[in-house]
Amino acid sequence: MSERHPAYRDVSDADWNDWRWQQRHAVRSRQALEKLVPLTDDERAGCDDTAAIFRLGMSPYYLSLIDRAHPFCPVRRQAIPVRAEARVAPGELEDPLGEDKTRPTEAIVHKYPDRVLLLAADHCSVYCRHCTRRRITKGGEAELSKKAMEEAVAYVASHREVRDVLISGGDPFLLSDERLEALLAPLHAIPHVEMIRIGTRVPVCLPMRVTDALAKLLRKYAPVYVVTHFNHAKEITPEARAACERLVDAGVPVENQAVLMRQVNSSARIIKELSHRCLAMRVRPYYLHQMDVAQGLEHLRTPLRAGVEILEQLRGHTTGLAVPHLAVDLPGGGGKVTLQPDYVVERIAGGTVLRNFKGQQYVYPEPTETDCHCPYDEVWLARGATAADAA
Ligand SMILES: *Cc1c(COP(=O)(O)O)cnc(C)c1O
C-alpha cells in the first residue's frame, strides 16, 4: 500500500478504502490544503486567484501521493494550482475543442461520423489543474438529470451510424453503480451500439471506487473499454495497479490517455517509464495528448515538436505497444489528428527511401500492380454489414 499522509494515519482501513469516505473527506479549500501541504507562494496565490474560476479538490488518497518537499512533484502539479492558471493567454478558448457547437442534446457531443461523447457527470474525485473541460466541471456538482440522460439515449437510438459511445464528464465512475447501470443498460440494448468506452480518472485518483461489483457490472455490458488517465509513473501505486487489474481480470480492457505537460512529464524517459508501468499492469497506452489551447493552461503547454521528439525516442527503441498515438485536438473543433516523426526520406523512381529508428536508410520498392480493390468484398458485404461498416 502507498504511504498515507500523516494526518490520515489514524483513519481505519475500512474508511480509507471506502470511496465514499474519500469523497466526503476531499480537500476542497486553500485553508484545508495548507494544513496538509506546505504551499509555495505561487501555489497559495494560485489557489486564491483560481478560486472563482475552477474548483479545487483532491481525495486524501491522491493528496497523500504528493511530495510535500518538492514544488515540481508531478502529482502536486496536477492537483494544486499556481498563479499562471488564472491568466488567460491570447488565443486561449473557454471551449477549446468547439464541443458546444456540436452538442445536439445537453449531454451529447457528436463530432465524428460513427461515435459520440456522452457527458454523464460534472464532478471529479480530483480536479485536474490541466482540465480542459472546466466549463462543464466547474458547474454545480449536479449529476446528469434523468431528462438529459433520456434525451442522450434517445439521440443514440435514433442515429444508426453511432456504433461507439464514449461516456465521460466529469467522472462517470462517481455515479453510483445503480446510476451507472441505468445508463449502460439502455445504451447496450441499442442494436447498433457495438461498444461503449468510459473515460475516468478513478483508477488514478480514487482507486478504491473500482470494486468487484463495479468490475462485474461493466463486464455485464461488454464490450466496455475503460479509458483512464495516468500521466506519471508516480501515480501507479499498488492501489492503482489493483484497480486496473481488477477491471482487466473481470474482462474489461483498460487503455491509458496521458496528457503531455511541460515540466510535469515532458520527456521521453518519463513517458517511456509511464508506458512500461502501464503495460506491466495490462493497461495499454492509447493517446498521448498535446495540451489543448484552453484558458489558463499556457504554462503547461509544450511545443508540438516536443511530443514528436518523444515518439522518435520510443518507436523502435522499445515495445511497440508502449508507443502511444500523439494526438492534437485542433482548436476550434477540428477534431483529433495524430503526429509522428517522418520516416520517409524521399520518393525515388520505383520506390521510397525510409529511415529507421537508428537513422539508417532503406529502400522500399513499390510493386508494379497498384489496384487495391478487393474482389471478394461485395460478397462479404452482401452477408450484412452495419451502416457504419459499409460507409
Ligand atoms: C476524442 C473524442 C472521441 C473519441 O475519439 P477516438 O479517436 O475514437 O478515441 C469522440 N468524440 C469526441 C468529441 C472526442 O473528443
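Numbers at a glance
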read-out	value
Gaussian network model of the chain, Cα within-10 Å springs - most flexible of Lys358, Lys111, Lys216	Lys358
Helical mean residue ellipticity (222 nm; -39500 (n - 2.57) per DSSP H run of 4+; nearest 500) of the chain	-8500 deg cm²/dmol
Those aspartates and glutamates that a straight Cα-Cα span of less than 13 Å connects to Lys111, excepting residues fewer than 8 apart in one chain	Glu99, Asp100, Glu161, Asp164, Asp329
Degrees between helix 177-188 axis and first principal axis of the chain (Cα, 0 to 90, nearest 10)	20 degrees
Top positive-direction residue, dipole computed over the chain with Cβ charges, set Gly384, Ser12, His159	Ser12
Ranked by how many other beta carbons lie within 10 Å on average, peptides 153-165, 251-263 from highest	251-263, 153-165
Burial ranking of peptide ranges 36-42, 55-61, 71-77 (average Cβ count within 10 Å, highest at the top)	55-61, 71-77, 36-42
Under 5 Å, built H, 5+ apart or other chain: amide partners of Gly351	Glu366
Under-5 Å amide H pairs with His289, H placed in peptide plane, nonlocal only	Ala258, Val259, Leu260, Ala327
Within straight-line cross-link reach of Lys234, aspartates and glutamates at Cα separation under 14 Å, skipping those fewer than 8 residues along the same chain	Glu3, Asp67, Glu273
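Laboratory data are not the source of any read-out in this text; all were calculated from the coordinates shown. Predicted model, so just to flag it, every value in this text is computed and none were measured. For neighbour counting, all protein chains shown are included, and Cβ atoms are generated from backbone atoms with ideal geometry for every residue, glycine included.
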